[in-house]
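One structure below.
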Amino acid sequence: MIISRTPYRVSFFGGGTDYPQWYLKEGGAVLSTTIDKYCYITCRVLPPFFETRYRIIWSHIENVSTISEILHPAVREGLKHLGINGDFGGLEIHYQGDLPARAGMGSSSSFVVGLFKVLTALKGEIVGSHELARMAIEFEQSILKENVGSQDQVAVSYGGMNVIRFRKNGEIRVEPVTISTEKLSELESSLMLLYTGTSRLSSEVAADFVANCEGKGAVLIKMRTMVDQALSILAGQGSISEFGTLLNETWKLKRGISNKISSPTIDKIYVTAIENGALGGKLLGAGSSGFMLLFAPPEKQQQIKDALPGYLHVPFRFESEGSTIIYYSRSDQGRFRFAGAGHSQVQGAYRQAAGNTV
C-alpha cells in the first residue's frame, strides 16, 4: 500500500497570469502558499479474489475489469498515460480530501499531483517536485484538455510560500519567499477562509477567462506587478495590514476580467466582511463560488463570523512540505502473485485454497 498526501493551496496575487495562453506571450508571476488541508490518495494492489481488477473510490465506488471502463477521467487517463496496465494485477485507488472539490483551493491539481506521486511510487520511481509539477501540467492541459493554469500544480508539488514565475519561453521558476517568523505569524493570524457552500467546474469559468484574457492585458499586467508589491510588504518593516489592502485591489481587478468571476451572493459576502472589519480578500480559484479568503485583524474576526452566520469558517495554518509519500509498503505486491497465472487463474486458485468460500 502507498499513500500520498498533497496540500491544497491559497493563491494571493497574480492569478490569471499563469495561463499559458498569456504567459507564453507576456510572462507571468503568482504568489501563493500551501496550507494544512490535504488530498490523500491511497493505492494498493488488489487481492485477486476480488471479482474486478480496478476498484476506484471517490464520490462513486467503481468496480471495473478494464482501465477503459473507469469513469473518473483523471484516474482512467492517468493509468494509461503512465503505462500502468496489468503489471500489478488489480489496483484499488481511494481518494479522500479535507476540503470539498471544485471550491477554488486547487483541488483538481492536488488530486492529479497526488495521483501521479502515488502511481510513480508504485512503479518504483522517485519523482522530484519540479518534474511532478511538469507532468501534472502537461496531463491536465494536454491530455485532459482542461482550461487550467500552471500555478496550482507547481504550488502543491513544492509546498510552502513561493513566488512562481512563468517565463515566455515556457520555463517555470519557483522562488521561496523569505519572511521573518514574526511577519509570517502576523499574516497567518490575519487570514480567514470562509466556505460559501457552493461549487463549480473551474474549467468552465476559466474558459470564459481565457477567451477574454487578450483584451484584458493591462489588467493582467497590473495583477502581475502586485506580486512584487506584496513581496515588498512581506519583506518590509511596514504594517501587515497593507497586504490586506492590496488583496482588496487585486479582487477589484479580478472581478473586471469576466462577469463569471463573481456573483451577487459573493459580492454580498464580501461587502458584509468589509463592513465588519475585513481590509480585503478575494474569492479563490477561477471564480463564481467556493472558498473566500479574507484579510482581517484578529480582533475583528469574530465580528465577521457573527455577521456571516450561514458560512463555514475553516481555520488553517501554512505548510511547507508539498506533495509527499506518507506511507510506503511494497509487501502486498508479492503476496498475491502466482507465477505465470492470469487474473482469472489466480482467482480460481484462491477460491480452491479457501474451499470455494470466497
Any residue that is surrounded by 19 or more Cβ atoms within 10 Å (Cβ to Cβ), over 23 Å from THR181 (Cβ atoms) and either among the acidic types (Asp, Glu) or in contact with a helix residue (DSSP H, G or I) (Cβ under 6 Å, 6 or more places away or on another chain) (or both) - is there at least one of those in segment 235-244? no
Does ASN169 qualify as being assigned to a loop (DSSP other than H, G, I, E, B) and either modelled with pLDDT under 95 or loosely packed, with under 14 Cβ neighbours inside 10 Å (or both)? yes
Of the candidates GLY197, GLY215, the one satisfying the condition of being modelled with pLDDT under 95 and in a helix (DSSP H, G or I) is GLY215
What number of residues within segment 250-269 satisfy the criterion of being part of a loop (DSSP other than H, G, I, E, B) and either touching a Ser or Thr at 6+ places or on another chain (Cβ under 8 Å) or modelled with pLDDT of 95 or more (or both)? 4
Identify, from the list LEU247, LEU191, LEU187, the residue that is at pLDDT 95 or above, in contact with a helix residue (DSSP H, G or I) (Cβ under 8 Å, 6 or more places away or on another chain) and closer than 23 Å to ALA273 by Cβ. LEU187
Yes or no: segment 119-128 includes at least one residue that is at pLDDT 95 or above and surrounded by fewer than 18 Cβ atoms within 10 Å (Cβ to Cβ). yes
The helices (runs of 4 or more DSSP H) lying entirely within segment 285-358 that contain at least 3 residues which are modelled with pLDDT under 50 are 343-353
For segment 125-168, which positions are hydroxyl-bearing (Ser, Thr, Tyr) and within 18 Å of ILE35 (Cβ to Cβ)? SER129, SER157, TYR158
For VAL30, which of the numbered conditions (1) aliphatic (A, V, I, L, M); (2) assigned to a loop (DSSP other than H, G, I, E, B); (3) touching an Asp or Glu at 6+ places or on another chain (Cβ under 9 Å) fails to hold? (2)
Would you be able to say whether some residue in segment 24-40 is farther than 26 Å from ARG173 by Cβ, in contact (Cβ under 8 Å) with a residue 60 or more places away in the chain and in contact with a Lys or Arg (Cβ under 9 Å, 6 or more places away or on another chain)? yes
Condition check: more than 15 Å from GLY197 (Cβ to Cβ), buried (at least 22 other Cβ atoms within 10 Å of the Cβ) and within 22 Å of the chain's Cα centre (by Cα). Does LEU283 satisfy that? no
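Condition check ((1) at pLDDT below 95; (2) surrounded by fewer than 21 Cβ atoms within 10 Å (Cβ to Cβ); (3) assigned to a helix (DSSP H, G or I)) across all residues:
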| position | (1), (2), (3) |
| --- | --- |
| LYS80 | no, yes, yes |
| PHE88 | yes, yes, no |
| ALA103 | yes, no, no |
| HIS130 | no, yes, yes |
Within segment 142-156, the residues that are in contact with a helix residue (DSSP H, G or I) (Cβ under 7 Å, 6 or more places away or on another chain), assigned to a helix (DSSP H, G or I) and touching a residue at least 60 places away in the same chain (Cβ under 8 Å) are ILE143, ASP152, VAL156
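The values are calculated or read from the model by the stated rules, or taken from the named source; none is laboratory data. Being a predicted model, the structure only gives us computed values, none of them experimental. We place every Cβ from the backbone using ideal geometry, glycine too, and count neighbours over all the protein chains shown.
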